[in-house]
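To keep things clear, I will list the structure first and then write my remarks on it.
Read-outs: derived from the displayed coordinates by stated rules, not from any lab. Note that the coordinates shown come from a computational prediction; the quantities given were computed from them, not determined experimentally. Here Cβ is always computed from backbone atoms with ideal geometry, including for glycine, and neighbour counts include all displayed protein chains.
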Amino acid sequence: MEQFTHECHEHCICQVVRKIVDAQDKVAKRMNCCTVSCEQSIKDLLSPSSISPSGKTTIPFIIYCKGSCKPFIAEAIEHATMDGFCEKWYKCLKSPFLKVKKFLPGSKCCVVVELLKPCNANGMPLHEQGDKLEDFLCCETPFRTINFCETGVCLTLDLDEFSGIRCLAATRTRPC
């Protein structure tokens, strides 16, 4: 594996996210289908000794907006099913937690990301709205945020529009 460096070059967020994509792709192919940092998360994802056969497949991350230094809280429209009804309805989904899906072909820094919902030990999504990072996390038992659920809701982003990235621990996300 190529040595990870903390030097910031042009497109440095793109380089980190590209390494996340490469690491996730290696794990997916293998499976056929600081202590908290991007470097450590990538190592954990690729380390066969640290995971079980049903191991980690994702490095969730938060990106920071240029100028404001605040976390980017992605907003998208989700097409949800009403309990007990066939009809679907549209609702707003907000999340600062992202999973990179792929780089757009021929692009240096345009990626497709999936919004992740924080969830508790039972896989129940917790917070879907907020204006600050802490609005999306819960520390009270039994609702502590311990993992992330996939939403299937994706956005295309130009990573050149962001100034920083914070990787979370490698994990195996739960399905929608």
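Points 7 angstrom from Cα along the Cβ direction at ASP25 and ALA80: gap in nanometres?
3.5 nm
Counting other beta carbons within 10 Å of each residue's own, what order do LEU159, LEU168 fall into, fewest first?
With the sparsest Cβ surroundings first, the list reads LEU168, LEU159.
Amide H of SER163: which non-local residues (sequence gap of 5 or more, or other chain) have their own amide H closer than 5 Å, using H built in the peptide plane?
When sequence neighbours closer than 5 places are left aside, the close amide H contacts are TYR64, CYS65, LYS66.
For each of CYS109, CYS65, count neighbouring Cβ atoms within 10 Å of the residue's Cβ, then give the residues from fewest to most.
CYS65, CYS109
If the reach is capped at under 21 angstrom between alpha carbons, list the lysines near LYS91, excluding any in the same chain fewer than eight residues apart.
LYS99, LYS117, LYS132
Calculate, for GLU134 and SER68, the FRET efficiency according to 1/(1 + (r/R0)^6) with r their C-beta to C-beta distance and R0 22 Å; round to the nearest 0.05.
My answer for the efficiency is 0.85.
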